[in-house]
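The values are calculated or read from the model by the stated rules, or taken from the named source; none is laboratory data. Predicted, not measured: the structure shown is a model, and the values here were computed from it. Glycine gets a Cβ as well: all are built from the backbone with ideal geometry, and neighbour counts include every protein chain shown. In case anyone asks, the SASA skips ligands and DNA or RNA and just uses the protein heavy atoms, side chains included. Shrake-Rupley method; radii C 1.70, N 1.55, O 1.52, S 1.80 Å.
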Amino acid sequence: MSSANNVESAIPTPNDRNPSLTTIRPRRLRRTTALRRMVRENHLTVDDLIYPMFVMEGEGQKVEIASMPGCYRYSLDLLLKEIAECWELGICAIALFPVISETKKDDTGTESYNPEGLVQQTVKAIKQNIPEIVVITDVALDPFTSHGHDGLVDENGKILNDPTVEVLVKMAVSQAAAGADMVAPSDMMDGRIGAIRKALDAAGYIDTAILAYSAKYASAYYGPFRDALDSAPKFGDKKTYQMDAANAREALKEVALDIAEGADIVMVKPALAYLDIICQVREATNLPVAAYNVSGEYAMIKAAGKLGWIDEKRIILESLTSIKRAGADLILTYFAKEVALMLK
């Protein structure tokens, strides 16, 4: 038989019963909106969202962050009003980040564990006003240090691990004492999860959970956040403690260590450029997995939306759904309030 005849014989005929060609038609289940909804594999809901919020000193202050349109620094009185609106929209958790006055910063971050500090006072006020909302506090020194690093620094500029952990422990316990439901160490010091868990339990805060920033990368996507807190490092960078963006297996090692030390939830940060990491972490643990849709990811969508280059609302929902699809149970996102309004 000629090669031409071979080709002709391979072409399906109307009577061909090959199920891959005539019987299995995936488009049947895409035909209408209702059908697509019925077979949708992942559903983004307001319960998935954690809203990062910025608190500053003063009264009657609401200051927009230039590189994060739609995000604000709030004084406590206005923050409480904003949180009340979020609660009414169904957002059940916030992550709190403080803007600390330069006069209260020092080389060792002592303000971080001041029982009357901005974070501690804010947590107390939130829990008095809306006791049911989950308050998550950041455990890291960069907002409190004069040099802007997440750890203590020696005379040669080296970030000191174990002395930093001692301060982080004090910080976490003070936040728990103020009423935080969950502390979230974001510093990436070795051994801090175990040390914080031990200290919380010893102080009687056995119900205070730990959300561990387990795989936090040294990412260029954090720029707008550092503008928000005025916490960019004054020298060097954070690559000796945050993870190399090229590494995946190391993320699983960090996650395993944090789980062994007592983390209740593990997190990947950033999210959109690290969907593969979220997926691998999801497969490696039965703990809840969180992902942080960070400031740079937010800012790019907002900028493109403002220029009319994208359908902003659809891009927001698609981006967050991709994080959920990758395996995240929880998503920290500055889009939380917008999405809650979209889903309402």
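Tabulated data for the structure shown
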{"quantity": "Accessible area per residue in Å² at 1.4 Å probe, computed on the chain", "calculated": "48"}
{"quantity": "Placed amide H near residue 214: partners under 5 Å, 5+ positions off or other chain", "calculated": "267"}
{"quantity": "Positive-end residue, the chain charge dipole about Cα centroid, Cβ charges, pick of 213, 63, 327", "calculated": "327"}
{"quantity": "Residue-level accessible surface for residue 264, protein heavy atoms, 1.4 Å, Å²", "calculated": "70"}
{"quantity": "Euclidean distance of C-alpha centroids, region 129-204 and region 252-314, integer Å", "calculated": "21"}
{"quantity": "Positive minus negative residues near residue 325 (Lys, Arg vs Asp, Glu; Cβ under 11 Å)", "calculated": "+1"}
{"quantity": "222 nm mean residue ellipticity, helices alone, for the chain (DSSP H n ≥ 4; -39,500 (n - 2.57); rounded to 500)", "calculated": "-12000 deg cm²/dmol"}
{"quantity": "Area accessible to solvent at residue 240, 1.4 Å probe radius, in Å²", "calculated": "120"}
{"quantity": "Rounded tilt (10° steps) of 192-202 against the dominant C-alpha axis of the chain", "calculated": "60"}
{"quantity": "Accessible heavy-atom area order of 118, 343, 79, highest first, probe of 1.4 Å", "calculated": "343, 118, 79"}
{"quantity": "Rounded to 10°, Cα long-axis angle of helix 249-261 versus longest principal axis of the chain", "calculated": "50"}
{"quantity": "Overall Cα dimensions of region 134-291 - principal axes, largest extent first, Å", "calculated": "38, 34, 26"}
{"quantity": "277, 310, reordered so the largest accessible area comes first (probe 1.4 Å)", "calculated": "310, 277"}
{"quantity": "Relative contact order %, the chain, counting alpha carbon pairs below 8 Å whose residues are six or more apart", "calculated": "17"}
{"quantity": "Set of aspartates and glutamates with alpha-carbon distance to residue 306 below 18 Å, sequence-local pairs under 8 removed", "calculated": "64, 297, 318, 338"}
{"quantity": "In sequence order, calculated HN-Hα J values of region 180-186 (Karplus, 6.51, -1.76, 1.60; Hz; x Gly/Pro)", "calculated": "4, 7, 8, 9, 10, x, 10"}
{"quantity": "In Å², nearest 10: area of residue 73 left accessible to a 1.4 Å probe", "calculated": "50"}
{"quantity": "Carbon + sulfur, % of accessible area of region 264-344 - ligands and nucleic acids excluded, 1.4 Å", "calculated": "55"}
{"quantity": "Anchor residue 269: lysines whose Cα lies under 23 Å away (excluding residues fewer than 8 positions away in-chain)", "calculated": "216, 234, 238, 239, 253, 302, 313, 324, 337"}
{"quantity": "Label-point separation in nm, residue 34 to residue 62, each point 7 Å along Cα→Cβ", "calculated": "4.2"}
{"quantity": "Range of Cα positions in region 200-305 per principal axis (Å), largest first", "calculated": "44, 32, 29"}
{"quantity": "Rounded D (µm²/s) - region 42-100, Kirkwood Rh over Cα pairs, Stokes-Einstein at 4 °C, 1.567 mPa s", "calculated": "106"}
{"quantity": "Region 214-344 - percent relative contact order, Cα under 8 Å, separation 6 or more", "calculated": "27"}
{"quantity": "Potential extension, residue 155-residue 103 segment - 0.36 nm per residue separation minus Cα distance", "calculated": "16.5 nm"}
{"quantity": "For region 250-344, average projected area of the Cα convex hull in nm²", "calculated": "6.4"}
{"quantity": "Largest to smallest accessible area among 147, 43 [probe 1.4 Å]", "calculated": "43, 147"}
{"quantity": "Semi-axis lengths, Å, the chain, gyration tensor of Cα atoms, sqrt of 5 times eigenvalues", "calculated": "43, 24, 20"}
{"quantity": "Within the chain: Cβ-based charge dipole about Cα centre, in debye rounded to nearest 20 (Lys, Arg +1; Asp, Glu -1)", "calculated": "1820"}
{"quantity": "Region 126-227 - convex hull of alpha carbons, volume per residue in Å³", "calculated": "123"}
{"quantity": "C-alpha long axis of helix 295-306 to longest principal axis of the chain, angle in °", "calculated": "60"}
{"quantity": "Three-way shape call for region 56-210 based on the alpha-carbon gyration tensor, with the a/c threshold at 1.5", "calculated": "oblate"}
{"quantity": "Stretchable slack from residue 279 to residue 130, in nm (0.36 nm times residue separation minus alpha-carbon distance)", "calculated": "50.2 nm"}
